[in-house]
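Right, one structure below, let's go through it.
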Amino acid sequence: MTIEKVFEDEHIIVIIKPSGVSSEGGKGENITDLLELDEKPLVVHRLDKEVSGLMVLAKNQKAAALLSGQIQNGEFKKEYLAVVEGEVEERGSLSDLLFHDRQRNKTFVVKKERKGVKEADLDFERLSVSEFEGTPLSKVRIRLHTGRTHQIRVQFGSRKHPVFGDRKYGSSFKGEFCLFSCFLSFNHPLTCEKLCFEARPADIVPWIC
């Protein structure tokens with residue numbers, strides 16, 4: 001499998017991760033192995049196996065530490081495109097308390113804080129509305145303010161607007177998983193130059209709603 005490289009230098013590499021490939025660990029193909037670099041790159045942020053799109057990896061420990069610091073400080077910006085079932089409002093914010101069950105590899109919205117529960121926040125804007133097999137679909141652009149496991153999937157799914165193709169969180173459709181990492185913005189870990197990357201998913205039917 002060929003991995004599309006968007007940017008590369010001696011410290012970082014920005015790629016478009018295909019759907020079906022793990023970011024790190026787990027069974028099956030692993031993005032760090034598929035890149036076939038002289039030194040195995042370091043994962044500083046993850047995309048779910050089913051999710052495709054932009055991802056940055058570090059080529060050394062120093063770059064990894066500095067990028068991780070930007071993520072912790074909120075300086076690392078991530079946006080996604082998604083197609084969700086139903087018609088959502090034109091724009092909005094979602095805030096929840098989430099608990100990730102590692103054994104079941106599934107995240108749940110909970111009402112009270114307790115061990116393992118984390119706050120999750122995002123903003124979204126509806127780009128268009130269409131219909132697929134009699135079901136309204138909304139194409140949305142999402143800005144994450146936190147990076148919780150399965151965050152987008154569970155926050156929309158819990159409101160009866162699951163991501164198209166995401167059977168784990170309530171989608172009624174099989175097939176293409178319509179969640180794509182479309183935008184990354186961060187400072188280069190060594191030069192401090194502001195870097196922005198934007199990409200678009202392939203023009204399959206649900207994406208052009």
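Here is how the numbers come out for the structure above:
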item	result
Nearby aspartates and glutamates by direct alpha-carbon distance to Lys174 (threshold 20 angstrom, same-chain neighbours under 8 apart not counted)	Asp48, Glu50, Glu85, Glu87, Glu131, Glu133, Asp166, Asp203
Accessible surface ranking that places the most exposed of Val163, Val129 first, with a 1.4 angstrom probe	Val129, Val163
Under 26 Å from Lys59, Cα to Cα: lysines that are on another chain or at least 8 residues apart	Lys5, Lys17, Lys27, Lys40, Lys49, Lys77, Lys78, Lys194
Label of the coordinate-derived value, Rg/Rh (Cα atoms, Kirkwood Rh), listed as [x] 0.99; [y] 1.13; [z] 0.96	[z]
Length added when fully stretched, Lys160-Thr2, from 0.36 nm per residue minus Cα-Cα	53.3 nm
Extension reserve of the Val109-Asp33 stretch, reckoned as 0.36 nm per residue once the Cα distance is removed	24.0 nm
Long-range HN-HN contacts of Asn187 with modeled amide H, under 5 Å	Leu195
Set of aspartates and glutamates with alpha-carbon distance to Lys118 below 16 Å, sequence-local pairs under 8 removed	Asp96, Asp101
Candidate residues Val140, Val110: accessible-area rank, largest first, probe 1.4 Å	Val110, Val140
Cβ-derived FRET efficiency at R0 41 Å, Leu127 paired with Asn187, nearest 0.05	0.90
Inter-site label distance for Asp9 and Gln72 at 7 Å from Cα along Cβ, in nm	2.4
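The values are calculated or read from the model by the stated rules, or taken from the named source; none is laboratory data. If you're wondering where the values come from, they're calculated on a predicted model, not measured in any experiment. Here Cβ is always computed from backbone atoms with ideal geometry, including for glycine, and neighbour counts include all displayed protein chains. Remember, those area values only see protein heavy atoms, side chains included, never the ligands or the DNA or RNA. Shrake-Rupley method; radii C 1.70, N 1.55, O 1.52, S 1.80 Å.
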